[in-house]
Amino acid sequence: MKPPEIIETARLILRPPTLNDAQEIFNKYAQDPEVTRYMVWRPHENIEMTKEFLERCIKCWKDGSAFPWVMTLKSDNTLLGMIEMRLVGYKTDLGYGIARQYWGKGYTTEAVKALVQWAMDQESIYRVWAACDLENLGSAKVLEKAGLQREEIQYTQEPHPVHLRL
Ligand SMILES: CC(C)(COP(=O)(O)OP(=O)(O)OC[C@H]1O[C@@H](n2cnc3c(N)ncnc32)[C@H](O)[C@@H]1OP(=O)(O)O)[C@@H](O)C(=O)NCCC(=O)NCCS
């Protein structure tokens, strides 16, 4: 099963990334340590790293291992960040990140809500989950606003010692 490649919300269009997005993603957030602070990847040191990352994203859509979308503004195509869904059996989990200049405007909540809605509309999916660092209050709030419920705290190894799974 594959989710739709294009997902439209009130203000956003989610679409699969292309290599042409590399420069904008690199400039806007892939090199920003504030954005990657709670992510599993480190800031990109050069655009080649961003291109490699995007090549993996494109491959993921082909092999179905993950479904990453670029979040763009419907009004003018501005690239905000990315959101990803991974489907394993009846479960799907989410990950996301957007450039700092667009934080706090409700964009990620809007995108997460749309993906949760799509997942819950599928008969074969009956669990949507995500994990975030306990200190990542913005991410936890996004998930709660999209209807996920706090489930457990996992104590794991560095660099993310405490995880909050919703
Ligand atoms: C976490 C992140 C995706 C949130 O995206 P966003 O588009 O700014 O989120 P929203 O605007 O939809 O915010 C949802 C709520 O969280 C709140 N919020 C956002 N950032 C916050 C922060 N740093 N601290 C506390 N609350 C925060 C918003 O105020 C909003 O609440 P409100 O509607 O009551 O005002 C964004 O900060 C980001 O990209 N961070 C870096 C990458 C990352 O950590 N990804 C998640 C890894 S698990």
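The values are calculated or read from the model by the stated rules, or taken from the named source; none is laboratory data. Predicted model, so just to flag it, every value in this text is computed and none were measured. Glycine gets a Cβ as well: all are built from the backbone with ideal geometry, and neighbour counts include every protein chain shown.
Annotations
- For Gly97, the requirement of being within 8 Å of the ligand (Cβ to nearest atom), in contact with a helix residue (DSSP H, G or I) (Cβ under 8 Å, 6 or more places away or on another chain) and closer than 23 Å to Pro17 by Cα is met.
- Residue match in the stretch 69-81 (condition: within 11 Å of the ligand (Cβ to nearest atom), buried (at least 18 other Cβ atoms within 10 Å of the Cβ) and not hydrophobic (A, V, I, L, M, F, W, C)): yes
- Failed criterion for Ala131 (all others in (1) hydrophobic (A, V, I, L, M, F, W, C); (2) more than 12 Å from the ligand (Cβ to nearest atom); (3) touching an Asp or Glu at 6+ places or on another chain (Cβ under 8 Å) hold): (2)
- For the criterion of being without any contact (Cβ under 8 Å) to a residue 24 or more places away in the chain and either more than 14 Å from the chain's Cα centre (by Cα) or within 15 Å of the ligand (Cβ to nearest atom) (or both), Ala30 passes.
- Selection within the stretch 50-76: residues that are farther than 16 Å from Phe26 by Cα and acidic (Asp, Glu). The member of this set that is nearest to the chain's Cα centre (by Cα) is Asp63.
- Here Tyr90 clears all of (1) modelled with pLDDT under 95; (2) within 13 Å of the ligand (Cβ to nearest atom); (3) surrounded by fewer than 19 Cβ atoms within 10 Å (Cβ to Cβ) except the condition numbered (2).
- Residues of the stretch 1-33 satisfying the condition of being modelled with pLDDT under 95 and charged (D, E, K, R): Lys2
- Among (1) closer than 20 Å to Asp133 by Cβ; (2) part of a strand (DSSP E or B); (3) of a type outside the set (D, E, K, R) - the single one Thr72 does not satisfy: (1)
- None of Trp41, Trp103 is more than 9 Å from the ligand (Cβ to nearest atom) and surrounded by fewer than 17 Cβ atoms within 10 Å (Cβ to Cβ) except Trp41.
- Taken over the stretch 35-61, the criterion of being touching a helix residue (DSSP H, G or I) at 6+ places or on another chain (Cβ under 6 Å), over 24 Å from Glu5 (Cβ atoms) and in contact (Cβ under 8 Å) with a residue 24 or more places away in the chain is satisfied by Val35, Ile47.
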